[in-house]
Structure formats: structure tokens, C-alpha cells
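The values are calculated or read from the model by the stated rules, or taken from the named source; none is laboratory data. Predicted, not measured: the structure shown is a model, and the values here were computed from it. Every residue, glycine as well, gets a Cβ built from its backbone with ideal geometry; the counts of neighbours run over all protein chains shown.
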Amino acid sequence: MGTLISIIIGCLSVGIILSAPMGPIGILVVQRTMEKGRKCGLYTGVGAAASDMFYCLLAGLGLSFVTDFITDHQNLFQIGGSIVLIVFAIYLILRKTVSNVKHDEEVKVNYTHDAVTGFALTMSNPLIIFLIFPLFARFGFPSAEYKFYHYIIGYAFIGVGALLWWMAITYLVDKFRSKFSINTMSIINKVMGGIILVLAIYGLITGLLTFFKII
């Protein structure tokens, strides 16, 4: 019983910690929650959680050929991920804000699109696997001593931890979004897009410099 509790607590922590940094996906979840409502933001978080789960499975199941490939080509992944983020940032800066941020029924929503884009944006950064390894080591998961059902429970609670984080974030943002005007939302979008753009350009430049230095 003690082992099971340890796995649940540890894997919940892994799921929350992987989701907690307010990177591009966090900004997207906040932005969609404020513009379209909590469900759109939450579905985006669900997509991100699915991507995190995928990388956790790669790391935990010992697919060394995948992790070795990511390690050997991390500069290329950094360059590719930065380009994706630059496109996303420009989209945020240039897009028009919806005409009403207070009524969900007045906003056109597509939950499948929200989840898929959340998944794709998180998948564009496979370097997250280098955060997963130390987290697994810190919480002792997985372990050769675990039985099959321990793995099932562990991975399930990684997903639960991620979903709890996005549920909390979207709940809090949704509570305050009625206080924002259209102009405020437009400014927030541009500021968020600008932050991502700066970080993405920096990542692209450092990735290119490192890549050509290696060559």
C-alpha cells in the first residue's frame, strides 16, 4: 500500500511540474480561456497533457533509440521548435480579438481544434524529455521492482496531475476574464505574442549558432 501511495503522489507531482511552467502552451491556455471560455482553454490543456504523457511513456518505457535520437539532434529540434513558436507568436500578435469575451455562446469554438493544437504545440518541443528524466529520478518512477499495474497507475496519475493543473488554471482565469475589455484582450495577446517571439528568436539563434559550430 505504501508503494502505491508513493507512486500516486510522485506521479501526480510529475504531471503538475511538467505542466506548471508558463511557457507557450500555458500562455495559449490562458489566452483561449479569456477569449473563448474555460472549456476551450481546458481542451487545449488536455492536448498538452496528452503530449506530455507521450514523452513520459517514451522515457519510462526505455525507448533509448528515440531518446538517443533526440539527444543527438537536439539542436535541430530546438531550431524546428523555435520556428513553430515564431509562427505562433506572429499569429497571436496579428490576430483580431473576438468581439465579446464575456459570453461563450457568442464565440465560435472547436474543441477538437483546441486539443489538437495544444498537443501539436507541446509536441514541437521534444526537449521536454530532458526534464522528464530528472523528475523520474527524483520520484523513483519507474522502477524495476514495480509490477505491471504500478506502471498503469503511475502513468495514469501523471495525466491526472497535468489535468488538475489545467483545471485549476482555467478556473482561476475564467473567474477574472469578465473584467477584461476587448482592448485589454488585444493588448494581452500582443504582449504574450511578443514574449514568445523574443524567446523563440533567441532559441532559434542559439540553436543555429550551436548547430553550425558543431558542423
**Message:** Just checking: which of the helices (runs of 4 or more DSSP H) contained wholly in the stretch 124-215 hold 3 or more residues that are among the polar types (S, T, N, Q) and within 30 Å of THR33 (Cβ to Cβ)?
**Reply:** 182-214
**Prompt:** Which members of the stretch 35-62 meet the condition of being closer than 13 Å to VAL173 by Cα, touching an Asp or Glu at 6+ places or on another chain (Cβ under 8 Å) and not charged (D, E, K, R)?
**Reply:** GLY37, CYS40, GLY41
**Request:** Please specify each residue of the stretch 149-198 satisfying the condition of being at pLDDT 85 or above, surrounded by fewer than 14 Cβ atoms within 10 Å (Cβ to Cβ) and among the aromatic types (Phe, Trp, Tyr).
**Result:** TYR149, TYR171
**Prompt:** Among all residue pairs at least 6 apart or on different chains, which show Cβ distances below 8 Å where the first residue, located in the stretch 46-60, is closer than 18 Å to VAL29 by Cβ and the second is at pLDDT below 95 and of a type in the set (D, E, K, R)?
**Reply:** GLY47/ASP114
**Request:** Could you please find all residues in the stretch 72-108 being at pLDDT below 70, surrounded by fewer than 14 Cβ atoms within 10 Å (Cβ to Cβ) and not charged (D, E, K, R)?
**Result:** SER99, ASN100, HIS103
**Prompt:** Any idea which residue in the stretch 146-164 is farthest from SER13 (Cα to Cα), counting only those that are in contact (Cβ under 8 Å) with a residue 60 or more places away in the chain and of a type outside the set (A, V, I, L, M)?
**Reply:** TYR146
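Here is a yes/no grid of residues against (1) surrounded by 19 or more Cβ atoms within 10 Å (Cβ to Cβ); (2) at pLDDT 90 or above; (3) farther than 20 Å from ILE93 by Cα; (4) not basic (Lys, Arg):
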residue	(1), (2), (3), (4)
CYS11	yes, yes, yes, yes
VAL30	yes, no, no, yes
GLU35	yes, no, no, yes
LEU42	yes, yes, yes, yes
GLY47	yes, yes, yes, yes
ALA50	no, yes, yes, yes
**Item:** Boolean, LEU209 is closer than 19 Å to SER82 by Cβ and either surrounded by 13 or more Cβ atoms within 10 Å (Cβ to Cβ) or touching a residue at least 24 places away in the same chain (Cβ under 8 Å) (or both)
**Value:** no
**Message:** Please verify whether PHE119 is modelled with pLDDT of 90 or more and under 19 Å from PHE77 (Cβ atoms), treating the condition exactly as stated.
**Reply:** yes
**Those residues of the stretch 31-59 which are among the aromatic types (Phe, Trp, Tyr) and in contact with a Phe, Trp or Tyr (Cβ under 7 Å, 6 or more places away or on another chain), in sequence order** = TYR43
**Residue match in the stretch 54-62 (condition: out of contact with any Cys (no Cβ under 6 Å at 6 or more places or on another chain), loosely packed, with under 13 Cβ neighbours inside 10 Å, at pLDDT below 70 and within 26 Å of ALA162 (Cα to Cα))** = yes
